[in-house]
Amino acid sequence: MPLVTIKPEVCKGCELCVQACPQEIITMADTINTKGYFYAKVFDQPRCIGCRLCAITCPDVAIDVQVNAVQYQYFPY
Amino acid sequence: MAQHTIFCRPESMTDATTHYCPGCTHGIIHRMVAESLDELGLREKACGVAPVGCSVLAYNYFNCDFLEAAHGRAPAFAVGLKRVSPEMTVFTYQGDGDLASIGTNEILHAANRGEKITVIFVNNAIYGMTGGQMAPTTLPGQITTTSPTGRDVNTAGWPIRMRELLSTLRTPAYIARGSSHSPQWVIRTKQYIKKAFEYQEANRCFSLIEVLSTCPTNWGMTPTESTKWLADNMIPYYPLGELKTPDEDDALVGKMLG
Amino acid sequence: MAKKLMKGNEAIGEAAIRAGSKYYFAYPITPQTEVAEYLARRLPEVDGVFLQAESELGASNMIFGAASSGKRVFTSSSSPGISLMSEALSYITCAELPCVFINVCRAGPGLGGILPSQGDYMQATHASGHGDFHLLVLAPSTVQEAVEHMMQAFDLADKYRNPVMIFADGLIGQMMEPVDFDAVKVGKPADHSDWATTGAKGRAPHIVKTLYLNPLDNEKHNHHLAEKYARMDKAEQRSEMYGGLGKPELLITAFGTSARVCKTAVDMLNAEGIDVALFRPISLYPFPKVALAKEAGKAHVKQLLSVEMSSGQMIEDVRLYTKDAKPVHFFGRHGGIVPSPEEVVDAIRKILPKKKAAAKK
């Protein structure tokens, strides 16, 4: 199952990943990070398809994506 | 089960948190350049040139040598370095106020001489660093701190399309316009940027990638609204895609010279 | 090596190559275009880079980029072009990049004229651009001296990591004189690998920048530059005394072409038994204040005369460093006119006490 890691301290709360996720499984946390931003977080990891669109659209490289099986890549990036 | 990382911070990018505003797509464009340097193995022989503008501090975010240039002069800096160190990969990272206004003469002649450098031109239709003034790329009717009633094309003229302007030059070049407002276009723009560096590596031609970008703070919108505004307003005026490639030019020469 | 008859502009270009510089970025402007024309032919022969930029502004910013590599680079222009280069000079000096700029000065201000002048003295020595910075400025008065200065310039630029300006003028650039390139030994180019942008292979990235947003960092950097100029001031003051019959009562101060004219004037007056001498600054920055104070301070020197091809600019430094202890007169021609020795002699006769000044019958 793909794993999306959003680093709370790096996130600036811009919500672009929320808009980008085709599975709509990212939301904004209800707590703020040390910079005072509500950071993004994945609330339904099992439904993640590992497409990486969240990470690709993140302006602050706050998102890493891992997969644990042979993964069909929707597109080269 | 071993976890395979399929997305992470490129080595050519430092760990520093950028000073860019939340949602500003400069960060994405930085990453695309850094990814291209990584994938082509250029980091250790690269030197970037970042002039005045929001991205003047780009050297804090890249893991390669960097020059900080005067406003508009980055192409000349890059040309100077590339000419004396042709083995290096030299690129500039410029905003629209920098390249399309004060730096027009430098970019025009660098392109026309066919300098083997790569130019990343970020077009967000406004001056960001100085707080939201009208730029040569500001759209008609767009309100900025120096076009408070909206850009009046009768007095400020129409926005400049640099991709088109430079593509009229006869000297071969690779000139394209991409965008950073959506993941789909980030993926395509990354290919343009990587191809530009490949042309430089092959010592083939001058390359410039114009990348539409958002400026939530100075546009006065949220980051997600900004991506929609860009799509609805900028893309119709600044059509996306590759406009000039060196191979076409060679064919054109054949046709012209018969 | 035997002497070779060469035009000043071309000799300057050749001297740069002899000094190990093969990278030249410039723009045509009378009266120094021959530097570019010569190098356009010559640099390819030595595997060098000759680039005619889109403007002097472009050329000087290319110098910043090229100098960041640590290699020896140079450019040349003339007055209006140097004005276009002033922004880059400020950036280059702040970034501490070694390079050489040649100003073949012409009549100004504005488009001015194409004939020789010294009207850029203040620009070169006091205000080459915005902010506190200085160029090391050498002023040759012969083509041979221009060659020697050019060949020393790169070593000086390396030594101080600072641009060096050769302040010539249209006369020196345009005239032909025999030159000997072996008269000067050139040092080995310094190793700049600790800061130059050569690619971050096996080392941390090198960043060449001039932005210091934090005022404390900015002040610290300015102190560092000021300390450099103090070192320059201590080590690089250069001047020459010429003529006089032992106890000159009038001391002429003049540099470059006007100094040549004054040497003839001094000879003419000394031949009449009139004891006048010439003090010739060779470094304009750092100004040779120590030597001037010594010479002008001698009891027998009653007054000074600054002879310049301008409205009088160096005279301000002459008065400053002699503390206005004695009257400092001025004689100048500008507009591109080079004063004749006779004019200088007449000017001196008017200043000297009547009985002494009467021309011998």
Amide H proximity to B:Val211 below 5 Å, modelled H, separation 5+ or other chain, gives B:Phe121, B:Val122, B:Asn123, B:Gly178
Selected from C:Gly202, C:Met165, C:Leu57, residue furthest toward positive end of dipole (chain C; charges at beta carbon):
C:Met165
Label-point separation, B:Ala202 to A:Phe75 (7 Å along Cα→Cβ), nm
2.4 nm
Go ahead and run the numbers for FRET between C:His223 and B:Arg170, Cβ-Cβ distance against an R0 of 51 Å, rounding to 0.05.
0.50
Projected label distance in nm at B:Glu225 and B:Asp15, using a 7 Å step from Cα toward the beta-carbon:
3.7 nm
Provide a list, ordered by number, of residues in segment B:172-186 showing at least 50 Å² less accessible area with every protein chain present than when their chain is taken on its own, using a 1.4 Å probe.
B:Pro183
What's the center-to-center distance, using Cα atoms, between segment C:91-107 and segment A:1-39 in Å?
51 Å
For a 31 Å ceiling on Cα separation, which of these pairs sit above it: A:Lys35/B:Lys45; C:Lys294/C:Lys354; B:Lys82/C:Lys188; C:Lys3/C:Lys228; A:Lys41/B:Lys45?
A:Lys35/B:Lys45; C:Lys3/C:Lys228; A:Lys41/B:Lys45
C:Leu213 accessible area, nearest 10 Å², 1.4 Å probe?
130 Å²
Quick one: if you stick a label point 7 Å off each Cα along the C-beta vector at C:Leu245 and C:Asn214, how many nm between them?
6.7 nm
With springs only between Cα atoms under 10 Å, which of B:Thr25, B:Thr217, B:Thr130 fluctuates most in a Gaussian network model of chain B?
B:Thr130
So how tilted is helix C:56-67 from the main axis of chain C? Cα-based, degrees 0 to 90, rounded to 10.
60 degrees
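When the dipole is taken about the Cα centre of segment B:1-76, and only Lys, Arg (+1) and Asp, Glu (-1) are charged at their Cβ, what size is it in debye, to the nearest 20?
Details: 5 positive and 8 negative charges, 37 e Å.
Its charge dipole is roughly 180 debye.
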Residues of segment A:50-77 with accessible area at least 50 Å² lower in the all-protein-chain context than alone (1.4 Å probe)?
A:Ile56, A:Pro59, A:Val61, A:Gln66, A:Val67, A:Asn68, A:Tyr77
Can you find, among C:Gly332, C:Ile252, C:Ala293, the residue sitting farthest towards the positive end of the charge dipole of segment C:240-357, where Lys and Arg contribute +1 and Asp and Glu -1 at Cβ?
C:Ala293
Tell me which of C:Val143, B:Gly128, B:Ser85 sits at the most positive position along the dipole axis of the protein assembly as shown, charges placed on C-beta atoms (Lys, Arg +1; Asp, Glu -1).
C:Val143
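State in Å² the accessible area per residue of segment C:4-235; use a 1.4 Å probe, count heavy atoms of protein chains only, and round to the nearest integer.
Working: 8230 Å² over 232 residues.
About 35 Å² of surface per residue is accessible.
Report the chymotrypsin sites (Phe, Trp or Tyr not before Pro) located in segment A:1-70 that are in a DSSP loop and have at most 16 other Cβ atoms inside 10 Å of their Cβ, or state none.
For chymotrypsin sites (Phe, Trp or Tyr not before Pro) across segment A:1-70 that sit outside H, G, I, E and B with at most 16 neighbouring Cβ atoms in 10 Å, the list reads A:Phe43.
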1/(1 + (r/R0)^6) with r = Cβ-Cβ of A:Ile49 and A:Ala29, R0 = 22 Å, i.e. FRET efficiency to nearest 0.05, evaluates to 0.50
Could you work out how far the C-alpha centroid of segment C:201-222 sits from that of segment C:270-287, in angstrom?
44 Å
How many Å³ per residue does the convex hull of the Cα positions in the protein assembly as shown occupy?
193 Å³
With charges set only on the Cβ (+1 for Lys and Arg, -1 for Asp and Glu), what does the dipole of the protein assembly as shown come to about its Cα centre, in debye to the nearest 20?
1560 debye
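Would you mind giving the total buried accessible surface between chains B and C, with a 1.4 Å probe and ligands, DNA and RNA left out, rounded to the nearest 100 Å²?
Numbers: alone 11330 and 15180 Å², together 23920 Å².
Counting both chains, the buried surface is close to 2600 Å².
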Here the net charge surrounding C:Lys185, from other residues whose Cβ is less than 14 Å away from its Cβ (Lys, Arg +1; Asp, Glu -1), is -2
Global form of segment A:3-72, assessed from the alpha-carbon gyration tensor, a/c cut-off 1.5:
prolate
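Could you tally the net charge around A:Val42, taking each other residue with its Cβ under 14 Å from the Cβ of A:Val42, Lys/Arg +1 and Asp/Glu -1?
Working: positive: A:Lys7, A:Lys41, A:Arg47, A:Arg52; negative: A:Glu15, A:Glu24, A:Asp44, A:Asp64.
Taking every other residue near A:Val42 into account, the sum is 0.
For an R0 of 51 angstrom, estimate the FRET efficiency from the Cβ-Cβ distance between C:His126 and B:Leu40 and round to the nearest 0.05.
Numbers: r = 48 Å, r/R0 = 0.94.
Between C:His126 and B:Leu40 the formula returns 0.60.
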Based on the Kirkwood radius over alpha-carbon pairs, what is the Stokes-Einstein translational diffusion coefficient of segment B:26-257 at 10 °C with 1.306 mPa s viscosity, in µm²/s?
90 µm²/s
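For the B and A pair, go ahead and give the buried accessible area with a 1.4 Å probe, both sides summed, in Å² to 100. Please list the in-between numbers first.
Details: alone 11330 and 4980 Å², together 13660 Å².
Result for this pair: about 2700 Å² buried.
How many percent of the accessible area of segment C:240-357 is carbon or sulfur, using a 1.4 Å probe?
Details: 2790 of 4710 Å².
Answer for segment C:240-357 is 59 percent, counting heavy atoms of protein chains only.
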Mind checking which of C:Gly199, C:Gly65, C:Gly256 has the largest fluctuation in a GNM of chain C, springs on alpha carbons under 10 Å?
C:Gly199
At the level of C-alpha centres, the distance separating segment B:1-80 and segment B:147-201, in angstrom, is 18 Å
Taking amide H positions as placed in the peptide plane 1.01 Å from N, state which residues far from C:Ile102 in sequence (5 or more) or on other chains have amide H under 5 Å from it.
C:Thr75, C:Ser76, C:Ser77, C:Ile166
Just checking chain A: which Cys have no other cysteine's beta-carbon under 4.7 Å?
A:Cys11, A:Cys14, A:Cys21, A:Cys48, A:Cys51, A:Cys58
Which one of C:Pro98, C:Pro163, C:Pro28 has the biggest mean-square fluctuation once chain C is modelled by GNM with Cα springs under 10 Å?
C:Pro28
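The values are calculated or read from the model by the stated rules, or taken from the named source; none is laboratory data. Because the structure is a prediction, the values reported are computed rather than measured. With ideal geometry, Cβ positions are generated from the backbone for all residues, glycine too; neighbour counts draw on all protein chains shown. Ligands, DNA and RNA are excluded from the accessible area calculation, which covers all protein heavy atoms including side chains. Shrake-Rupley method; radii C 1.70, N 1.55, O 1.52, S 1.80 Å.
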